[in-house]
1. Looking only at Met228, Met11, Met84, which one moves most when the chain is put into a Gaussian network model with springs between Cα atoms under 10 Å?
2. Using 1/(1 + (r/R0)^6) with R0 = 25 angstrom and r between the beta carbons of Leu195 and Met228, what's the FRET efficiency to the nearest 0.05?
3. Non-local amide H neighbours of Met155 (under 5 Å, H modeled in plane, Pro and chain starts lacking H): which ones?
4. Any chance you could tell me what percent of the C-alpha pair distances in segment 267-382 go past 23 Å?
5. Given the peptides 71-77, 43-49, 331-337, arrange them by the average over their residues of other C-beta atoms within 10 Å, most packed first.
6. Under the rule of at least 5 residues apart or a separate chain, name every residue whose amide H is placed under 5 Å from the amide H of Thr209.
7. With each run of n ≥ 4 DSSP H residues scored as -39500 (n - 2.57), what mean residue ellipticity at 222 nm is computed for the chain after dividing by its residue count and rounding to the nearest 500 deg cm²/dmol?
8. At a threshold of 8 angstrom on Cα-Cα distance, excluding pairs fewer than six apart, so keeping six or more, what relative contact order does segment 232-379 reach in percent?
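Only the coordinates and a few stated rules stand behind these numbers; no lab work does. Bear in mind that the values here come from a model prediction, so they are computed numbers and not experimental data. Cβ atoms come from the backbone with ideal geometry, glycine included; neighbour counts cover every protein chain shown.
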Amino acid sequence: MIDFTLSDEQMALKEMVRKFVEKEIVPVAKHHDETKEFPHEVIKKAWELGIMNVAVPQKFGGLGLGVFDDVLISEELGAGCLGMTTSICVNTLAIYPILLYGTDKQIEQFVTPLLKEPKLASFCLTEPGAGSDAAGLSTQAREDGDHFIVNGSKMWITNAGHASLFTVFCTVNKELKQKGIICLAIPADAPGISLGKAEDKLGQRASDTRAIQFENVRVPKSHLIGKMGEGFKVALRTLDRTRTPIAAGAVGAARAALGHSIRYSKERKQFNQPIANFQAIQFMLADMSTKVEAARLLCYQAGWCLDNGKEVEGAYFSAHAKRFAADMAMEVAIEAVQIFGGYGYTKEYPVEKIMRDVKLVQIYEGTSQVQRMVIARHILKD
């Protein structure tokens with residue numbers, strides 16, 4: 001039986017994160033959007049509050065939270081700033097491969113340092129020539145005794161300029177396609193690693209996004225996460241768990257856009273009355289509200305399935321949640337700009353930033369088109 005009634009602990013978690021967002025994120029979100037300045041202080045405070053690395057099991061010193069709890073956190077963060085949400089939450093994306101497939105020794109070596117101080121990690125899958133086609137990646141890991149020699153490049157890597165650890169997906173034999181992929185934990189200061197410039201993005205400008213170049217980087221074989229040829233499965237199982245909180249961040253952003261629209265429609269007057277009195281505006285707000293509520297429930301369902309061992313159902317509903325929430329947030333943000341009219345198109349008001357930020361959710365962690373492919377494969381199976 002599925003029951004989405006939040007426990008007292010979950011309600012307290014949501015309230016704690018909401019207060020953090022109101023106090024620490026909302027006041028500085030515009031500044032970081034305008035300047036691209038990386039929000040070190042906000043991330044440090046998020047770490048101190050305990051809302052980073054939330055999936056680390058208690059036996060390793062973490063909170064051991066599930067996907068459902070991560071969804072609750074991400075929605076509240078997304079209501080403040082999606083760029084900062086991405087920077088805060090990507091640690092969980094980077095360490096999930098190690099938590100799912102690593103040994104206890106590897107978790108102690110690579111993950112527990114992130115609990116001792118506010119260090120960052122990056123998930124390195126996408127390449128200049130391999131985005132949606134993750135199985136076609138080209139970064140090579142050549143065996144050399146007790147080491148791998150890594151050569152290649154990664155693209156659009158979040159937090160790359162500030163990370164201490166990279167979780168890198170490489171191929172030992174490109175002809176094997178997905179069966180030749182492995183996952184390696186690589187310290188960011190390893191010789192042979194160089195970083196590109198911080199990308200000047202349309203939205204989510206508070207997050208750091210860069211290319212990474214690997215040139216003859218020597219990686220001990222003890223850094224192999226999982227088995228040889230298991231890397232593609234590692235990536236997919238990781239993304240099944242992380243794209244649902246990403247979807248929840250979009251729900252939070254859409255919720256914020258809706259809230260701004262409601263308040264503005266009550267204050268803005270045309271024809272001697274608040275525009276909230278007009279049926280056209282009321283219908284827009286009603287549709288926006290329905291979409292937010294529906295997307296949230298999809299996130300809850302996906303999180304519940306994943307936390308309760310329903311891997312196939314969890315992957316299916318996480319694709320639904322990511323696809324619907326991303327597209328929903330874009331639609332709601334556009335409607336919010338429309339309700340604000342000319343003011344909505346200016347940077348003086350908050351909804352244009354939300355519109356720019358949510359666009360990226362339709363692209364990263366699997367595009368909306370890729371999610372549709374995942375859904376279609378599932379429903380067309382015998």
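1. Met11
2. Efficiency, from the Cβ-Cβ distance: 0.35.
3. Excluding prolines and chain starts, which carry no amide H, the hits are Thr126, Glu127, Ile212.
4. 42 percent
5. By packing density, highest mean first, the sequence is 71-77, 331-337, 43-49.
6. Sorted by chain and number, the residues that satisfy this are Asn159, Glu199.
7. Helix-only estimate at 222 nm: -16500 deg cm²/dmol.
8. In percent, rounded to a whole number, it is 30.
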